[in-house]
Amino acid sequence: MRIPEIYRNKKAEGKPVFSLEVFPPKRKSNRDSIYDAVEILKATEPDFISVTYGAGGSVADFSTCEIASNIKQQYGIETLAHLTCINSSREDVKEMIQKLKDAKIENVMALRGDIVPGEDIKREFAHANELAIEIQRKGKGELEILGACYPEGHYEAASIDEDIQNLKYKIGAGVSVLISQLFFDNSKFCSFLERVREDGINTPISAGIMPIVKASQIEKTVQLSGASMPHEFTELMARYQHQPKELYEAGIDYAIGQCRDLIARGVDGVHIYTMNDPKVAVRVHDGIKDLL
Ligand code: FAD
């Protein structure tokens, strides 16, 4: 099913879309562990599962397509295959689009990918909107296109306003649903939503939520996402930084609190960054399932 239809159906029921993100395991020898995770995650009955492409050090190869296809075929769960373009040639992208179509994937997230300083990149595509256009052309209407958005602004944009103006290029290129970067401060997401809606962007937007369950995740996550940390969150993390069990519980509770508040405010969806830890995602789901 095409993902915008899921949002339309859920909206008609007055419910938010509940989705999950997983990534292909880094080591090839460990590839099947993703299906052990999905075996557990399926209990949450997600509306869709997204599979990253080359994010966080995992390899950008055909494994995203393969995993997305297997989740769809074997578990009957709709999938969203991520695809980045900054380091791809037109030929690479053409090949990947064909693979996705052959695998009967219906939904693709068009992303630029991060520019790593000093790394030699192809730059045949400069921005996600250019990839979206290519997917439209080569996909010949068989692929639905989603995109990313940044409640606190993308780190390269001079301001949130500039980033929102740039977001319109994606929408113009056919992106029909947006999934947000993770954030810890709901007020940032809500004011972003207000601004994009005022600016005439009416596509559904899911809120990206990442439960922090280990002290080691905090610095890395903030560094990679640029998410600001509200006082309540930093206090919690500081209080339990040397108590792993308590921090685990506090991190899950914080994510549940974020989701419950956002759902009460009428968000289109919540998208949980599972970090391939299905137990954490199940716990968050348990804490919000009465609202889904
Ligand atoms: P773009 O939309 O191209 O934006 C990048 C910057 O350029 C922004 O500052 C924007 O304001 C500006 N911009 C955009 N369009 C234009 C334009 N036409 N002209 C001028 N400026 C423009 N990375 C991975 O490697 N693999 C993944 O699977 C992955 N999944 C992600 C999923 C989500 C939900 C999110 C939020 C991010 C994900 N990322 C992933 C990270 C993402 O690739 C990076 O954040 C990257 O730096 C930007 O990607 P983008 O698609 O948002 O880029």
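The values are calculated or read from the model by the stated rules, or taken from the named source; none is laboratory data. Keep in mind that what you see is a predicted model, and the values were worked out from it rather than measured. Cβ sites come from the backbone with ideal geometry, for glycine too, and all protein chains shown count toward neighbours. Just so you know, the surface numbers come from the protein's heavy atoms only, side chains and all, with ligands and any DNA or RNA stripped out. Shrake-Rupley method; radii C 1.70, N 1.55, O 1.52, S 1.80 Å.
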Unit charges on C-beta of K, R, D, E only; dipole of the range 83-238, Debye: 560 debye
Stretchable slack from A158 to A43, in nm (0.36 nm times residue separation minus alpha-carbon distance): 37.2 nm
Difference of contour (0.36 nm per residue) and Cα-Cα distance, S216 to K122: 30.5 nm
Paramagnetic reach from L224 (point 7 Å along Cα→Cβ, amide N under 12 Å) across the range 102-120: 114
Residue (of A238, I145, V267) at the positive-pole extreme of the chain, dipole from beta-carbon charges: I145
Gyration tensor (Cα) of the range 129-198, equivalent ellipsoid semi-axes in angstrom: 25, 12, 10
Net charge dipole size for the range 2-127 [Lys, Arg +1 and Asp, Glu -1 on Cβ; Debye, nearest 20]: 240 debye
Cα-based shape type of the range 188-292, given that a ≥ b ≥ c are square roots of the gyration tensor eigenvalues and the cut on a/c is 1.5: prolate
Kyte-Doolittle at least -0.5, axis length at least 20 Å by Cα - qualifying DSSP helices, the chain: 244-264
Unsatisfied cross-links (Cα-Cα over 26 Å) in the set K15/K99; K245/K279; K15/K188: K15/K99
Gap separating the Cα centres of the range 134-156 and the range 36-96, nearest whole Å: 15 Å
For the chain: rounded, prolate or oblate by the Cα gyration tensor [a/c cutoff 1.5]: rounded
Positive-pole candidate from S63, N186, Q74, dipole of the range 3-291, charges at beta carbon: Q74
Charge dipole (debye, nearest 20) of the chain; +1 at Cβ of Lys and Arg, -1 at Cβ of Asp and Glu: 560 debye
R0 of 25 Å, Cβ-Cβ distance I115-R137: FRET efficiency to nearest 0.05: 0.55
Rough spin-label spacing in nm, given labels placed 7 Å along Cα→Cβ, for E235 and L291: 2.1 nm
Cα gyration tensor shape for the range 222-266, rounded if a/c is under 1.5, else prolate or oblate: oblate
Accessible area in square angstrom per residue, the chain, 1.4 angstrom probe: 47 Å²
